[in-house]
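Nothing in this text is a laboratory measurement; each read-out follows from the coordinates by a stated rule. Remember, predicted model here, so these are calculated numbers, not experimental data. Every residue, glycine as well, gets a Cβ built from its backbone with ideal geometry; the counts of neighbours run over all protein chains shown.
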Amino acid sequence: MARGDNLLRQWELIKALQAHRFGVSTEELCSRLECNKRTVQRDLGFLQDIFPISYEQRDRGKRYWKLAHNVIESEQLQLTMTEMLSLFLSQQILLPLAGTQFGDGLQTAIQKIRAILPTRALTYFEGLDGAFFIKNLANHDYSGQDKEIRILNEAIMNKKCVKVNYWSASNGYEVSSELHPYGMVLLHASLYCIGFLACHGEVRTLKVTRIKGLTRLEKSFEKPDDFSLTGHLQGTFGIIKSQNPCKIRVEFTDWAATNVREIQWHTSQKITTDTNNKVTATFELRDTIEFKRWLLGFGPHARVISPSTLVAEVCDDLKHTLSQYSKE
């Protein structure tokens with residue numbers, strides 16, 4: 001049996017032990033894990049050498065197994081088994097932020113845990129990557145911008161203005177302006193800062209990789225009481241936001257229909273009709289730029305029904321794409 005299969009089964013066993021503080025019988029563990037008694041006993045024997053697992057005999061000698069509630073416990077820290085497992089796996093999620101203030105905080109916590117755990121327990125946790133892997137198609141190394149990220153975080157927490165030099169990709173030139181940073185957003189391995197940009201007189205979204213310079217200012221700012229990152233991004237398909245809400249109807253076929261059935265791509269997504277090979281779904285968005293990019297990825301298996309403006313935009317994009325392939 002593969003090492004990954006053993007790890008996943010043992011993880012389920014640990015979760016079962018943690019859920020029964022007064023003990024769970026070997027028979028109950030067999031039933032929950034859907035495996036035989038010999039396998040459960042072997043796993044328990046293996047895990048006993050690593051973690052504080054014990055048993056007591058009740059009901060005419062039947063063994064009831066227990067896991068100490070806090071695997072790591074001190075005056076400053078208490079962690080359960082599943083909390084530690086989650087921490088180790090979360091390293092993969094924050095990989096794009098390695099070498100920055102965000103990633104370093106997690107690494108410091110992991111290092112403290114490593115200093116407490118015995119060698120066999122560390123070996124066990126390091127084997128988790130073989131059982132559960134998070135694959136990111138896009139990646140970016142932010143370690144070179146750790147200074148800028150720290151300045152932004154400090155300004156966000158203390159409500160201090162900064163002067164930002166920013167390359168505007170849409171305009172093709174560098175902008176210098178006062179910025180009131182409200183918060184940071186990580187989306188698809190890209191880090192963004194959202195805040196009030198004085199030169200435009202409104203809240204804007206800045207991609208951190210395009211920030212060319214930051215200067216701390218002594219001036220303070222007041223963030224609007226009704227502002228939240230969640231509220232600001234509500235209705236967006238990604239990070240881009242406009243002021244005009246739009247209801248969109250799209251027909252998906254073949255594998256695209258299966259994809260839309262299986263994944264909730266946006267909170268507003270609703271399937272209105274569903275046949276064997278065709279799905280019609282609606283979306284309520286405040287911008288269609290990122291939605292259109294996503295939609296074109298389905299190729300001939302996605303067709304915009306409405307609004308007519310978006311139908312025209314998609315048709316123009318497809319014509320332009322075709323012309324690119326028609327060039328000699």
Violations at 28 Å Cα threshold for listed pairs Lys270/Lys292; Lys160/Lys247; Lys207/Lys327 -> Lys160/Lys247; Lys207/Lys327
So if I average 1/r over every pair of distinct C-alpha atoms in the range 122-259 and take the inverse, what Kirkwood radius in Å does that give? 17.6 Å
Plugging the Kirkwood radius over Cα pairs into Stokes-Einstein for the chain, at a temperature of 37 °C and a viscosity of 0.692 mPa s, what D comes out in µm²/s? 134 µm²/s
Chymotrypsin sites (Phe, Trp or Tyr not before Pro), loop per DSSP, at most 10 other Cβ atoms within 10 Å - longest free stretch of the chain: 134-328
Can you give the calculated 222 nm mean residue ellipticity of the chain, where each DSSP H run of n ≥ 4 adds -39,500 (n - 2.57) and the sum is split over every residue, rounded to the nearest 500 deg cm²/dmol? -12000 deg cm²/dmol
Angle check, please: helix 101-116 long axis (alpha carbons) against the longest principal axis of the chain (alpha carbons), in degrees 0 to 90, nearest 10. 10 degrees
Defining a contact as two alpha carbons under 8 Å apart and six or more residues distant in sequence, what relative contact order in percent does the chain show? 10 percent
Arg210 paired with Tyr173, simple spin-label distance in nm, labels 7 Å along Cα-to-beta-carbon: 1.5 nm
Helix 3-19 versus the longest principal axis of the chain: what is the Cα-based angle in degrees, 0 to 90, to the nearest 10? 80 degrees
Show me, for the range 179-187, the HN-Hα J-couplings you get by feeding each phi into the Karplus relation (A = 6.51, B = -1.76, C = 1.60, θ = phi - 60°), rounded to Hz, glycine and proline as x. 10, 9, x, 9, x, 10, 9, 9, 9
So for the range 246-326, averaging the separation of alpha carbon pairs under 8 Å that are six or more residues apart and normalising by length, what relative contact order in percent results? 37 percent
Calculate the FRET efficiency for Asp316 and Glu290 from the Cβ-Cβ distance with a Förster distance of 22 Å, rounded to the nearest 0.05. 0.80
